[in-house]
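Colleague: I'd like to ask some things about the structure below.
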Amino acid sequence: MAGVGTSIAGAGLGFLAPGLSIVGMIGGFIGVIALAFMDPTNVTRRQNVFLGITALLGLGIAPLLMGSSLGAVIAATVGTAGIFGGFTLAALKSKRKSMLQLGGVLMGGLFVLVGVSLAGLLLPLLGVTNPAVLAALHSFNLYAGLGIFSLFVAYDTQRMIEDYHDGNRDHVGPALSMFLNIFNIFIRLLAIFRGD
């Protein structure tokens, strides 16, 4: 919950200075990488970096929120909560470790999603401006990404449970994974409800 609150605070700052959005997204990305290499026993430092990441990503989505109607933001929030609750419940009610089998497929899907996103950015620079191609890439990113990150909620839920059973008491890394799932579900739902 602290991560969501910090992210909202970051978005509030982004409303005041929309140009900081790109700084927020790049800073959040750097923070995610830094957290992966930090000593897991330094919990306070990792928690502070986690809160920094959530604030920076909140700052990064401020322009998206500013350009959205209140109805779209509420619908995306409710939809995100529903997806999170549903896939978490599915993970809790499923056979133990059954969702963990999805790990390879989900990572493969994530790599495809990154490739499609990069193609959407690079093709116009290479002179490919066919609206149908760019729209197809955008739609794939939205809908496939929504499915992938929804399944990641179930996967990460079972992974957290198994890590705990195995004696791994790190809570910051799993919290970041779940935050990124929720963040990605929210921005995709918001784009869908905006009609992007």
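The values are calculated or read from the model by the stated rules, or taken from the named source; none is laboratory data. These numbers come from a predicted model, not from an experiment. Reconstructed Cβ throughout: ideal geometry from the backbone, glycine too, with neighbour counts over all protein chains shown.
Colleague: Output the residues belonging to the range 49-96 that are assigned to a helix (DSSP H, G or I), among the hydrophobic types (A, V, I, L, M, F, W, C) and within 15 Å of LEU180 (Cβ to Cβ).
Modeller: VAL49, PHE50, LEU51, ILE53, ALA55, LEU56, LEU57, ILE83, PHE84, PHE87
Colleague: In the range 156-166, is there at least one residue being within 13 Å of the chain's Cα centre (by Cα), within 15 Å of THR88 (Cα to Cα) and either in a helix (DSSP H, G or I) or of a type in the set (Lys, Arg) (or both)?
Modeller: Looking for residues that are within 13 Å of the chain's Cα centre (by Cα), within 15 Å of THR88 (Cα to Cα) and either in a helix (DSSP H, G or I) or of a type in the set (Lys, Arg) (or both), one finds at least one in the range 156-166, hence yes.
Colleague: If you don't mind, there's one more thing I want to ask. Would you call GLY109 touching a His at 6+ places or on another chain (Cβ under 8 Å), outside the structural domain of LEU35 (by TED's automatic domain parsing) and in contact (Cβ under 8 Å) with a residue 12 or more places away in the chain? Show your work before the answer.
Modeller: On the way: touching a His at 6+ places or on another chain (Cβ under 8 Å): no; outside the structural domain of LEU35 (by TED's automatic domain parsing): yes; in contact (Cβ under 8 Å) with a residue 12 or more places away in the chain: yes.
When the stated conditions are applied, GLY109 does not pass them.
Colleague: Residues in the range 97-126 that are assigned to a loop (DSSP other than H, G, I, E, B) and among the hydrophobic types (A, V, I, L, M, F, W, C): how many?
Modeller: 1
Colleague: Among the acidic types (Asp, Glu) and farther than 20 Å from PRO63 by Cβ: is that true of ASP156 in this structure?
Modeller: Judged against the criteria, ASP156 is a match.
Colleague: In addition: Among the listed residues GLY145, GLY173, which satisfies the condition of being out of contact with any strand residue (DSSP E or B) (no Cβ under 6 Å at 6 or more places or on another chain), assigned to a helix (DSSP H, G or I) and at pLDDT below 95?
Modeller: On the way: GLY145 fails: at pLDDT below 95.
On inspection, the qualifying residue turns out to be GLY173.
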